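These notes concern the structure reproduced below.
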Amino acid sequence: MRKYTPKDNVQAKSYYTDRFWVAPRVPKTEVEKNSHFDKVVKAVDAKVKLQGAAVELGQLRIVIEAKDNIKVLTILRDSCGYKMCSELSAVDYLAKDGEFEIFYQMLNLDEAKRTRVVCRIKPGEAIESIVPLYKMANFAEREMFDMFGIPVNNHPHLKRLIMPDDWEGHPLLKTYPLQGDEFASWYEVDKIFGKAHRDIVGPENRNPALIDRYDSQRFSRVGYEVPFGAELNAENEKANPIEYSETLLVNYNAGTKDLKKRT
Amino acid sequence: MQVTNKLTPFFENLNFDRSDNTMVVNFGPQHPSAHGQMRLILELDGELIVKSDPNIGYLHRGIEKMAENMTYNEFLPTTDRLDYIASTSNNYAYALSVERLIGLEVPRRAQVIRTMLLEINRIISHLFFLATHALDVGAMSVFLYAFREREYAMDLMEDYCGARLTHSAVRIGGVPLDLPEGWLESLAIFIAKLPEEVKTYEDLLTENRIWKMRLDDIGVITPEEALSWGCTGIMARGSGIKYDIRKEEPYELYSELDFDIPISDRCDSYGRYVLHMEEMRQSAKILEQLIPMYAQTEPKLMAHSPQYISAPKEEIMTQNYALMQHFVLVTQGMRPPVGEVYAPTESPKGELGFYIKSEGTPYAYRLKCRAPSFFHAGYLQKLLVGTYLADAVTIIGNTNIVFGEIDR
């Protein structure tokens, strides 16, 4: 029987994992009383329902509901001193939980503290834009939309940022293969040659490690040279090296080039 | 609305032709002063920019996607290709976040070497900034002087790791090599000469009438805007925001070193140029302090953590268990604990940090590179509005953006 390969996550996986392997966890600690993070948690908890708060590797991580993101970030900015949002993006948990995780990495410049606000949304649901609070989200949310297809409500200019406007698919989804999908392999062929020439040109090679020994145009055949563009296959491929090229080959084991052979 | 097809392509300036309206100009994608591949769609009223729309993505290689398909050690050389002007700062930022995730203690000698490399990279990057920025603005001779000095710095990098641009000089858990013989002496010569060289550039530029006219009050960033748009590094410090991650959230040896963080309240391009010059002096000062520190360290370069880091070669060749662990680490890759980390570092361009989400597998579940240039490029849509077309070149050069890390 053919081995089952999951289709909802096509990213690289470890070829072997011990049966008894249990991954350890990064230590999570409770928020210390009367610390800066405690004040943040209290300020947020007073206004919205918190789903969790813990300190992980020196940074606070608070989990909220996606609809509260504007409220929470307003509290963080106005009453907790988080004047800067350094980063925001999403993590694809569709295969595991059927959800996206969106994180906002916040920075308090006065106390040099960092807080990560995390929320989850279902695919197809939109998240409210935080551009009114932090202008940096203009590009970051566009990138998130581009890479994950998460729609953002009330964004001033929501369109693809990194991929071309007419691209199909969202590259950072776990269902999107590393080498690109069917659409990706025809995209440039269609752009440059036109759809009508698909049969002649063929799909783009999107595997940089591909080696085709019968391709006489893109691969050199040292010692087995054939004319450029010659049709090659298993039958007409020469078994032995061509004589004339032997003189050009360097025997690295001999230490020095045998120049006599050339004359 | 225009109907476009192959015979009648989209004509951007139809409105302009008809009613002397605003004109749409494509700045790039292949413009020498865009410092890479950026298409800036500018709407001009006369020479005044009324709207700017930066289009990026011409150098997109899917580095974040590749990170999800590579083991942690495999991915490290890929980080070279982010900010390719100062590769070690990317290598380091990535290594730091993985180390924080694992909880590794890096040996002191490796820390000294890393800090040295980071500061050399800062100098290389700032010299590159100065050279290209001056060239954009029209000061050709500065370009020649700055690139000459940058050559010496790159020679130092080459002597250490063999590469000039894509260094990969930092490993997760330490550094791969000890300093070669005579390297510290060459470094001492380099940093002794650097302040003089910086003085030469300043003599050429600081009081230069043309330079002042081109930079003074150009590209004004208010502190509020700088924070809101996510400006970091010199872009923020040029607006009087006192924040340098080396001081505020120290990593490596920065807490033990004595250096100043130059701040400018001018908020304009000229102020940021002055900061770049001052930061080079501070980097030289840091390197000066690091040289004697090196001699006081034990010759140990990689952290001892057999679960994550391969043992030294002698042990692998002599001890069976070390060989087995090395084999597993090479074939399967290390498995950091489950959890997430965001480790910010002060790269020459600003705050560079890697957010890594680990699910306990040898592959990062998600890696997000917080690149400073990405947000600086995003800010161009606001920063350029209301300036003249000629100043756009100055402003883009002054933001010091690198497309490797914008497009990723």
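Some observations on this one:
- Output for segment A:188-216, where each listed residue is closer than 26 Å to B:K368 by Cα and surrounded by 14 or more Cβ atoms within 10 Å (Cβ to Cβ): A:R206
- Lone qualifier among B:Y72, B:Y94, B:Y84, B:Y58 - being on the phi < 0 side of the Ramachandran plot, in contact with a helix residue (DSSP H, G or I) (Cβ under 6 Å, 6 or more places away or on another chain), of a type in the set (S, T, Y) and surrounded by fewer than 24 Cβ atoms within 10 Å (Cβ to Cβ): B:Y84
- Only residues that are surrounded by 12 or more Cβ atoms within 10 Å (Cβ to Cβ), outside any loop (DSSP other than H, G, I, E, B) and within 14 Å of chain B (Cβ to nearest Cβ) were counted across segment A:1-38, and they come to 3.
- Given (1) over 20 Å from the mean Cα position of the chain (by Cα); (2) within 11 Å of chain B (Cβ to nearest Cβ), index of the condition A:R142 fails: (1)
- Among (1) buried (at least 23 other Cβ atoms within 10 Å of the Cβ); (2) within 11 Å of chain A (Cβ to nearest Cβ) - the single one B:K382 does not satisfy: (1)
- In segment B:361-379, the residues that are farther than 30 Å from A:W21 by Cβ, among the small types (G, A, S) and either touching a Gly at 6+ places or on another chain (Cβ under 7 Å) or more than 9 Å from chain A (Cβ to nearest Cβ) (or both): B:A371, B:S373
- Filtered residue count, segment B:290-313, keeping only those that are part of a helix (DSSP H, G or I) and surrounded by fewer than 16 Cβ atoms within 10 Å (Cβ to Cβ): 4
- Note on segment A:86-107: among residues that are surrounded by fewer than 18 Cβ atoms within 10 Å (Cβ to Cβ) and of a type in the set (A, V, I, L, M), the one that is farthest from B:G240 (Cα to Cα) is A:A95.
- When residues of segment A:108-132 are limited to those that are facing chain B (nearest Cβ under 8 Å) and not in a loop (DSSP other than H, G, I, E, B), the one surrounded by the most Cβ atoms within 10 Å (Cβ to Cβ): A:R114
- Of all residues in segment A:161-175, those satisfying the criterion of being over 9 Å from the mean Cα position of the chain (by Cα), within 8 Å of chain B (Cβ to nearest Cβ) and buried (at least 16 other Cβ atoms within 10 Å of the Cβ) are A:L161, A:I162, A:M163.
- Against the criterion of being farther than 25 Å from A:L178 by Cβ and in contact with a strand residue (DSSP E or B) (Cβ under 8 Å, 6 or more places away or on another chain), B:G378 qualifies.
- Among the candidates B:A226, B:A192, the residue that is hydrophobic (A, V, I, L, M, F, W, C) and closer than 30 Å to B:G174 by Cβ is uniquely B:A192.
- When B:S358 is tested against (1) within 12 Å of chain A (Cβ to nearest Cβ); (2) polar (S, T, N, Q); (3) within 23 Å of B:A226 (Cβ to Cβ); (4) in contact with a Gly (Cβ under 8 Å, 6 or more places away or on another chain), only condition (3) is not met.
- Condition broken by B:T166, with the remaining ones in (1) surrounded by fewer than 24 Cβ atoms within 10 Å (Cβ to Cβ); (2) of a type in the set (S, T, Y); (3) closer than 22 Å to B:M277 by Cα; (4) within 20 Å of the chain's Cα centre (by Cα) satisfied: (3)
- Of B:M70, B:M140, B:M154, B:M116, all but one fail to be out of contact with any strand residue (DSSP E or B) (no Cβ under 6 Å at 6 or more places or on another chain) and closer than 30 Å to B:R209 by Cα; the exception is B:M140.
- Lone qualifier among A:K47, A:K71, A:K83 - being buried (at least 20 other Cβ atoms within 10 Å of the Cβ), in contact (Cβ under 8 Å) with a residue 24 or more places away in the chain and over 27 Å from the mean Cα position of the chain (by Cα): A:K83
- When segment A:145-157 is filtered for residues that are more than 13 Å from chain B (Cβ to nearest Cβ) and either more than 22 Å from A:M84 (Cα to Cα) or at pLDDT below 90 (or both), the ones remaining, listed by number, are A:G149, A:I150, A:P151.
- Of the residues making up segment B:226-249, just one is in contact with a Ser or Thr (Cβ under 8 Å, 6 or more places away or on another chain) and surrounded by fewer than 19 Cβ atoms within 10 Å (Cβ to Cβ), namely B:G240.
- Meets criteria (within 14 Å of chain B (Cβ to nearest Cβ), part of a helix (DSSP H, G or I), within 27 Å of B:Y243 (Cα to Cα) and among the aliphatic types (A, V, I, L, M)) for A:L88: no
Results for (1) touching a residue at least 40 places away in the same chain (Cβ under 8 Å); (2) within 14 Å of chain A (Cβ to nearest Cβ); (3) assigned to a loop (DSSP other than H, G, I, E, B), shown as yes or no for each residue.
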{"residue": "B:P195", "(1), (2), (3)": "yes, no, no"}
{"residue": "B:T200", "(1), (2), (3)": "yes, no, no"}
{"residue": "B:L204", "(1), (2), (3)": "yes, no, no"}
{"residue": "B:K212", "(1), (2), (3)": "yes, no, no"}
{"residue": "B:S239", "(1), (2), (3)": "no, yes, yes"}
{"residue": "B:E252", "(1), (2), (3)": "yes, no, yes"}
{"residue": "B:I261", "(1), (2), (3)": "no, yes, yes"}
{"residue": "B:C267", "(1), (2), (3)": "yes, no, yes"}
{"residue": "B:G271", "(1), (2), (3)": "no, no, no"}
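- Filter result for the condition that a residue is of a type in the set (F, W, Y), under 30 Å from B:D391 (Cβ atoms) and within 18 Å of the chain's Cα centre (by Cα), over B:Y243, B:Y251, B:Y201: B:Y243
- Verdict on B:R108 being under 19 Å from B:P292 (Cα atoms) and among the basic types (K, R): yes
- Note on segment A:39-79: residues that are in contact with a helix residue (DSSP H, G or I) (Cβ under 9 Å, 6 or more places away or on another chain), more than 14 Å from chain B (Cβ to nearest Cβ) and part of a loop (DSSP other than H, G, I, E, B) amount to 3.
- Long-range neighbours under 6 Å by Cβ, at least six apart or interchain, first residue under 13 Å from B:G36 (Cα atoms) within segment B:47-60, second at pLDDT 90 or above and assigned to a loop (DSSP other than H, G, I, E, B): B:G57/A:I162; B:H60/A:I162
The values are calculated or read from the model by the stated rules, or taken from the named source; none is laboratory data. Note that the structure is predicted; figures quoted are calculated from it, not measured. Here Cβ is always computed from backbone atoms with ideal geometry, including for glycine, and neighbour counts include all displayed protein chains.
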